[in-house]
2 protein chains.
Amino acid sequence: MRYQLYYWPTIQGRGEFVRLALEQAGAEYIDVARMSGKDRGVSALMHGLAAGGTTPFAPPYLKAGRLVIGQTANILLYLGDHHALAPKDETGRLWTHQLQLTIADFVAEVHDTHHPLAASLYYEDQKPAAKRYSKTFLAERVPKYLGYFERILKRNPRGKRFLAGARLSYVDLSMFQVMAGLDYAFPNAMAKRRRSYPLLRELSARVAALPRIAAYLGSKRRIPFNNDGIFRRYPALDTRK
Amino acid sequence: MRYQLYYWPTIQGRGEFVRLALEQAGAEYIDVARMSGKDRGVSALMHGLAAGGTTPFAPPYLKAGRLVIGQTANILLYLGDHHALAPKDETGRLWTHQLQLTIADFVAEVHDTHHPLAASLYYEDQKPAAKRYSKTFLAERVPKYLGYFERILKRNPRGKRFLAGARLSYVDLSMFQVMAGLDYAFPNAMAKRRRSYPLLRELSARVAALPRIAAYLGSKRRIPFNNDGIFRRYPALDTRK
């Protein structure tokens, strides 16, 4: 089966968490909105949001045969089951998903660093609020979230190599993406904490070195970070050097 | 098995979505932080967040035997499976969960109406930003989310009585809570749209009339809405009458 991923074509965004899982799974997929032709492109993405039945609220969504799956963490729950990217037992599945949902909460806060007042306003029109939000985000929220995930790694009874269980799961891929995104968006703040999260740093390096992920990151399929996505580099929001 | 729910004792908050599912399931449970004594109260809740193993990031979390489940939507995924509060097939399970995750996104935006800049600041210290946020929230986000869920009901191939499939699921209970919360927090804005979402209104009334839910809502177990929870009544944030 060839999956069809529907997501905005010019940003990593939330779609990137799905792309990383598809790549690591070695799954056959097309990134529909990045292609041109019939039933391709952004118009196909928009069409899927207007269809009947199990219409998703927003991208990303994944078509798997007749199944249409929306919500990033939900897509990963599905891919984890079908591609051995999560533990198989109920306890392990729920735990992996729980960690993914906490990453989703964190990512929503990252988005709000540049859009605290309204997603429909430009960043430039909410800059003072963005600066205020980012200040607390970097001082309180980043240490809270990263400190939590560092502890989860440290205390994993199956070893410190992965977040959930003894093997790689989709949440490890997502954690890599979060660390890469934070490094891009807040280089000064993250440089100051370079040694604060040794296990998360090791995990990120381990994920980046996975043969399939390394190949993906070096390919044109990986859209570079840019200031239209979730992780944006606005020096005004970062701490000073 | 007797479940142990851990959540803040004086608010409905995110815990209420779990309480409603436990009540409708007729499950035996205790609301740990609302009780006093050994291993009870807020200290027991805090203790659970500091423990090793599968420690949740934040309340609510549910203990089910040796299992500790965090993240509201994840708890509902579990309860849906174990108490016939969701379809059993993969397609139906994922669809129900997808809708719940979209409700979770909506609820996070409701929270941000009074806390747009930082969860750690008082509302009173971010009031202008809260007013700005709420204006767009009521004008754009509420119609977008409620319009979406109204369409989902209308197009449900199994009938317009429930959001997912032909039977009640946890997402119907959560939808009731969202409608009740919005009516509490934004009485003027919601009164103006009283007739805009007829199927959601019917669904809410149907849920409120379920014998177990009606009994719960009339009991002391149901904490009243108040201005410490997610849905808060601040007239400054509502539209004018």
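Please tell me the relative contact order of chain B in percent, rounded to the nearest whole number, where contacts are Cα pairs under 8 Å and at least six residues apart.
After rounding, I find 21 percent.
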homo-copy label distances at A:R194 (7 angstrom along Cα-Cβ), nm, one dp, ascending, are 6.4
One would report the antiparallel percent of DSSP beta bridges in region A:3-82, rounded to the nearest 5, as 70
antiparallel share of DSSP beta bridges within the protein assembly as shown, to nearest 5, in %, is 70
Reduced to Cα centres, the span from region B:55-85 to region A:31-45 in Å works out to 38
By the mean-Cβ-within-10 Å protection proxy, highest first, A:17-27, A:111-121, A:94-104 rank as A:94-104, A:17-27, A:111-121
GNM of chain A, Cα pairs under 10 angstrom: of A:R193, A:R34, A:R93, the biggest fluctuation goes to A:R193
For peptide A:30-36, the mean count of other chain Cβ atoms within 10 Å per residue Cβ is 0
Ignoring ligands, DNA and RNA, the residues of region B:38-78 whose accessible area with a 1.4 Å probe is reduced by 50 Å² or more relative to the chain alone are B:T54, B:F57, B:L67, B:Q71, B:N74
The percentage of the accessible area of the protein assembly as shown (probe 1.4 Å, all protein chains present) made up of carbon and sulfur atoms, to the nearest whole number, is 52
Counting only DSSP beta bridges fully inside region A:1-157, the antiparallel percentage to nearest 5 is 70
Those helices of chain B passing the 27 Å axial Cα length cut-off and the mean Kyte-Doolittle cut-off of -1.0 (DSSP H runs only) are B:90-114
Chain A, Gaussian network, Cα under 10 Å: of A:G80, A:G65, A:G15, the residue fluctuating most is A:G65
Inter-part gap, Cα centre of region A:208-228 to Cα centre of region B:206-229, in whole angstrom, is 49
Residue-normalised value, i.e. accessible area per residue, for region B:136-241 at 1.4 Å probe, in Å², stands at 48
Heads up, region B:90-210 by the C-alpha gyration tensor (a ≥ b ≥ c square roots of eigenvalues; a/c under 1.5 rounded, else a/b over b/c prolate, else oblate) looks prolate
Ignoring ligands and nucleic acids, chains B and A bury, in total, an accessible area (1.4 Å probe) to the nearest 100 Å² of about 3800
Mean-square fluctuation maximum in Gaussian network of chain B, Cα pairs under 10 Å, restricted to B:G70, B:G41, B:G52, hits B:G52
For peptide A:121-133, the mean count of other chain Cβ atoms within 10 Å per residue Cβ is 2
Per the C-alpha gyration tensor (a ≥ b ≥ c, the square roots of its eigenvalues), region B:12-137 is rounded if a/c is under 1.5, else prolate if a/b beats b/c, else oblate; here it's oblate
Inter-copy distances for B:D39, label 7 Å out on the Cα-Cβ vector, sorted ascending, nm, one decimal, are 5.7
Everything considered on the Cα gyration tensor (a ≥ b ≥ c; rounded for a/c under 1.5, else prolate if a/b is larger than b/c, else oblate), the protein assembly as shown must be described as rounded
Rounded to whole Å², per residue accessible area for region A:3-82 with a 1.4 Å probe reads 36
Counting only protein heavy atoms and leaving out ligands, DNA and RNA, the solvent-accessible surface of B:Y148 at a 1.4 Å probe, in Å² to the nearest 10, equals 10
In short, region A:96-115 residues buried by 50 Å² or more of accessible area relative to the isolated chain (1.4 Å probe) are A:Q98, A:L101
Averaging 1/r across every pair of distinct alpha carbons in region A:3-82 and inverting yields a Kirkwood hydrodynamic radius, in angstrom, of 12.5
Output row for B:R155: copy-to-copy label distances, label 7 Å along Cα→C-beta, ascending, in nanometres, one decimal, is 4.3
Per-residue accessible area, 1.4 Å probe, largest first, puts B:E90, B:E16 in the order B:E90, B:E16
Projected convex hull area of chain B, Cα atoms, direction-averaged, in nm², equals 13.4
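The values are calculated or read from the model by the stated rules, or taken from the named source; none is laboratory data. Quick caveat, the model's predicted, so the values are computed rather than measured. Cβ: placed from backbone, ideal geometry, glycine included. Neighbour counts: every protein chain shown. Heads up: the accessible areas ignore ligands, DNA and RNA and are worked out on the full protein's heavy atoms, side chains in. Shrake-Rupley method; radii C 1.70, N 1.55, O 1.52, S 1.80 Å.
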